[in-house]
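The values are calculated or read from the model by the stated rules, or taken from the named source; none is laboratory data. All figures in this text were calculated on a predicted structure; none of them were measured in a lab. All Cβ positions, glycine included, derive from the backbone under ideal geometry; neighbour counts span all protein chains shown.
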Amino acid sequence: MNAVLYHSRTDEDIWKEVLADTLEFVSIDKAAERLGLSHDRVFHIRHKILAAMEHSEATNPTRLSAVKECDETFVLESLKGTKIPAGYWRSARKHGAKTQKMASQTNMSASVPALAVKAVLLRYP
């Protein structure tokens, strides 16, 4: 953690608090208010922490050992702000209109499958 703190004028305890807030998904504004720091200061601290975590993951990758739960969900394709090409397989929906069929029953190109996986993480030795 010393490389991350190099040339930092912020106390190490503040870094630990920002790290804890980052891991608990606390917003930057709430963390800044709680710690009495500016939004920019907390943003830059969090950016350095996330960059260090990314570097650590790149040098020492995490391996999934076993899948505990796996599920998929379908997210509707959004064509907002684009012209629908002539001959497109469906017409535009009006404001607030819902789909006529479940996403899994429609053309697969109309939905984007998203895979949610919860797994046990192990570090390589």
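Taking each residue of the range 48-73 that is under 24 Å from Thr22 (Cβ atoms) and looking for partners that are at pLDDT below 85 and assigned to a helix (DSSP H, G or I) with beta-carbon atoms closer than 7 Å, six or more apart or interchain, yields Lys48/Val4; Ile49/Val4; Ala52/Val4. Looking only at residues in the range 18-36 that are outside any helix (DSSP H, G or I) and either at positive phi or of a type outside the set (S, T, N, Q) (or both), the one that is surrounded by the fewest Cβ atoms within 10 Å (Cβ to Cβ) is Phe25. If the condition is being among the β-branched types (Val, Ile, Thr) and modelled with pLDDT under 85, then the range 32-90 contributes Thr62, Val67, Thr73, Val75, Thr82, Ile84. Of the set (1) part of a helix (DSSP H, G or I); (2) modelled with pLDDT of 65 or more; (3) exposed (fewer than 10 other Cβ atoms within 10 Å of the Cβ), all apply to Ser109 but (2).
Please verify whether Arg93 is of a type in the set (Lys, Arg), modelled with pLDDT under 85 and surrounded by 10 or more Cβ atoms within 10 Å (Cβ to Cβ), treating the condition exactly as stated. Taking the combined requirement at face value, the residue satisfies it. Selection within the range 37-51: residues that are among the aliphatic types (A, V, I, L, M) and surrounded by 15 or more Cβ atoms within 10 Å (Cβ to Cβ). The member of this set that is nearest to Ala3 (Cα to Cα) is Ile49. Within the range 1-17, the set of residues being touching a Phe, Trp or Tyr at 6+ places or on another chain (Cβ under 9 Å) and in a helix (DSSP H, G or I) comprises Val4, Leu5.
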